[in-house]
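Peer 1: Dropping the structure in here first, questions after.
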Amino acid sequence: YFIKDGCPCSIEVEPLFHDLHKIYGDRIEVVGIFDKDREKARQWHTDMLMKYKIVADPKHEIIRAYEIESSAFSVLISQDGKMVKMWPGYSRDILKEMNSLFAAEVGLKPKPFDTKYAPERATTGCHFELES
């Protein structure tokens, strides 16, 4: 999933990804793509108590490759490296679908997942400031 430093939606969605990660553990590799340098990415990783990887993307190469517009976008990549689904933001329905697709990817039935405070409508975060 894609994180913009300082974006309120990035901060709000982080605990929800923690919860999904807890459900699937090592069966699903969660990776946060962070729009700043390694030092800031490390700080985010520490501040947000992340239990999974974060990748610094200060030149926005990964963000551009996936044509991501805003933070809180997510992409599910299959075990064979194919894009299964891209979500523009997050919501209760998006998180439920993620839970179902994650389970399907690893051959499990979806486990209970509380979408907590997630918005009803899909919400994206701040736009990435991409240079032309």
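Peer 1: Roll a 1.4 Å probe over the protein heavy atoms and report the accessible area of F2 in Å², nearest 10.
Peer 2: 10 Å²
Peer 1: Hey, another quick one. Please figure out what share of the DSSP beta bridges in the chain is antiparallel and state it in percent, rounded to the nearest 5.
Peer 2: Counting only bridges with both partners in the chain, antiparallel ones make up about 50 percent.
Peer 1: With charges only on Cβ, +1 for K and R and -1 for D and E, what is the dipole size of the chain about its Cα centre, in debye, rounded to 20?
Peer 2: 420 debye
Peer 1: Give the relative contact order (percent, whole number) for segment 14-132; include only Cα pairs under 8 Å separated by 6+ residues.
Peer 2: 24 percent
Peer 1: Per the 1.4 Å probe, what fraction of the accessible area of the chain, in percent, lies on carbon and sulfur atoms?
Peer 2: Ligands and nucleic acids excluded, carbon and sulfur give 50 percent.
Peer 1: Using a 1.4 angstrom probe, figure out how much accessible area the chain has per residue, in square angstrom, rounded to the nearest whole. The partial results should precede the final answer.
Peer 2: Working: 7710 Å² over 132 residues.
Computed with neighbouring chains in place, this is 58 Å² per residue.
Peer 1: I need the shape label for segment 81-132. Rule: rounded when a/c is under 1.5, else prolate if a/b > b/c, else oblate, with a, b, c from the alpha carbon gyration tensor.
Peer 2: Oblate, since a/c reaches 1.5 and b/c is not below a/b.
Peer 1: Further question on the same structure: Using alpha carbon centroids, what distance separates segment 92-112 and segment 16-78, in Å?
Peer 2: First find each Cα centre; the distance between them is then 18 Å.
Peer 1: While we're looking at this one, here's another question. For the pairs K59/K109; K85/K116; K36/K96, note any where the Cα-Cα span goes beyond 27 Å.
Peer 2: The answer is K59/K109; K36/K96.
Peer 1: Once you've got the GNM for the chain with C-alpha springs shorter than 10 Å, pick whichever of L49, L20, L101 has the biggest mean-square fluctuation.
Peer 2: Top of the fluctuation ranking is L49.
Peer 1: Between H18 and K53, what is the label-to-label distance in nm when each label sits 7 Å out along the Cα-to-Cβ direction?
Peer 2: 2.2 nm
Peer 1: Any cysteines in the chain with zero other Cys Cβ atoms under 4.7 Å from their Cβ? List them, or say none.
Peer 2: Cys with no partner Cβ under 4.7 Å: C9.
Peer 1: Using a Förster distance of 22 Å, how high is the FRET efficiency between D37 and R64, based on the Cβ-Cβ distance and rounded to 0.05?
Peer 2: Computed FRET efficiency for D37 and R64: 0.85.
The values are calculated or read from the model by the stated rules, or taken from the named source; none is laboratory data. Bear in mind that the values here come from a model prediction, so they are computed numbers and not experimental data. Cβ coordinates were reconstructed from backbone atoms using ideal geometry, including for glycine residues, and neighbour counts include every protein chain displayed. Calculation scope for accessible area: heavy atoms of the full protein, side chains included, ligands and nucleic acids excluded. Shrake-Rupley method; radii C 1.70, N 1.55, O 1.52, S 1.80 Å.
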